[in-house]
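Below is one structure, written out as structure tokens; the observations come after it.
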Amino acid sequence: MSIYSIEDISSTSDRFKLYTLMCDANELKEKITFLKSKNINVINIGKELATFIDSLEDFRYLNIDVYDFIIKLLEKFKSKSFGMGNDMVAIYNFGILMEASLELNAVQLFKEFSKSTSLIIIWENQSEIPDKLVWPTQKNNYFLDFSEPQLKKLLYAI
């Protein structure tokens, strides 16, 4: 996993702009504050998606509705760090996307979005495997495999 700075992310011309900012659960607020200080919007996907699903009256097309909602949400909150370079957005708490009833491929969704916008994934768990994001209690059942495209690590520095 390569290591990049906010400035690198802002100016990259990579096909896929997927980055992770690793942290422990007790460091989450600090990391969010850091990103916001760089004028990068941060989205709690779980909270936003739960509110959206709760407001739905018809669940026949749940997977399509959720996919469209996530893309629109990411588009709405993307911004340029200090008005320059690539658009960026950061997300966290997105385990809900792994819910079987949603029938989503979170890696594919993130991959497609990252073609036009730098996507920073705040990962609240440490990962021994460079390109796999794993929930510690569900190592064999639930994980996100970013071996293609490769996930890049964001350097945390103030």
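In region 77-98 there is at least one residue that is buried (at least 16 other Cβ atoms within 10 Å of the Cβ) and of a type in the set (D, E, K, R). Within region 1-37, the set of residues being surrounded by 17 or more Cβ atoms within 10 Å (Cβ to Cβ), farther than 24 Å from residue 147 by Cα and of a type outside the set (A, V, I, L, M) comprises 31, 34. Taken over region 53-63, the criterion of being surrounded by 13 or more Cβ atoms within 10 Å (Cβ to Cβ) and not in a helix (DSSP H, G or I) is satisfied by 56 alone. For region 1-43, the set of residues classified as under 18 Å from residue 77 (Cα atoms), out of contact with any helix residue (DSSP H, G or I) (no Cβ under 6 Å at 6 or more places or on another chain), hydroxyl-bearing (Ser, Thr, Tyr) and assigned to a helix (DSSP H, G or I) consists of 33, 37, listed by residue number.
Taking each residue of region 50-74 that is in contact (Cβ under 8 Å) with a residue 40 or more places away in the chain and among the aromatic types (Phe, Trp, Tyr) and looking for partners that are surrounded by 15 or more Cβ atoms within 10 Å (Cβ to Cβ) and in a helix (DSSP H, G or I) with beta-carbon atoms closer than 9 Å, six or more apart or interchain, yields 67/102; 67/109. Only one of the numbered conditions (1) farther than 16 Å from residue 106 by Cα; (2) in a helix (DSSP H, G or I) is not met by residue 66, and that is (1). Among the listed residues 47, 72, which satisfies the condition of being out of contact with any His (no Cβ under 9 Å at 6 or more places or on another chain), surrounded by 12 or more Cβ atoms within 10 Å (Cβ to Cβ) and modelled with pLDDT of 95 or more? On inspection, the qualifying residue turns out to be 47. If you go through region 87-125 and keep only what is farther than 16 Å from residue 17 by Cα, in a helix (DSSP H, G or I) and polar (S, T, N, Q), you end up with just 101. Of all positions in region 129-148, none carries a residue that is modelled with pLDDT of 85 or more, of a type outside the set (Gly, Ala, Ser), within 20 Å of residue 70 (Cα to Cα) and surrounded by 21 or more Cβ atoms within 10 Å (Cβ to Cβ). The condition (being under 19 Å from residue 107 (Cα atoms) and either of a type outside the set (S, T, N, Q) or modelled with pLDDT of 95 or more (or both)) is satisfied by just one residue among 28, 21: 21.
The values are calculated or read from the model by the stated rules, or taken from the named source; none is laboratory data. Bear in mind that the values here come from a model prediction, so they are computed numbers and not experimental data. All Cβ positions, glycine included, derive from the backbone under ideal geometry; neighbour counts span all protein chains shown.
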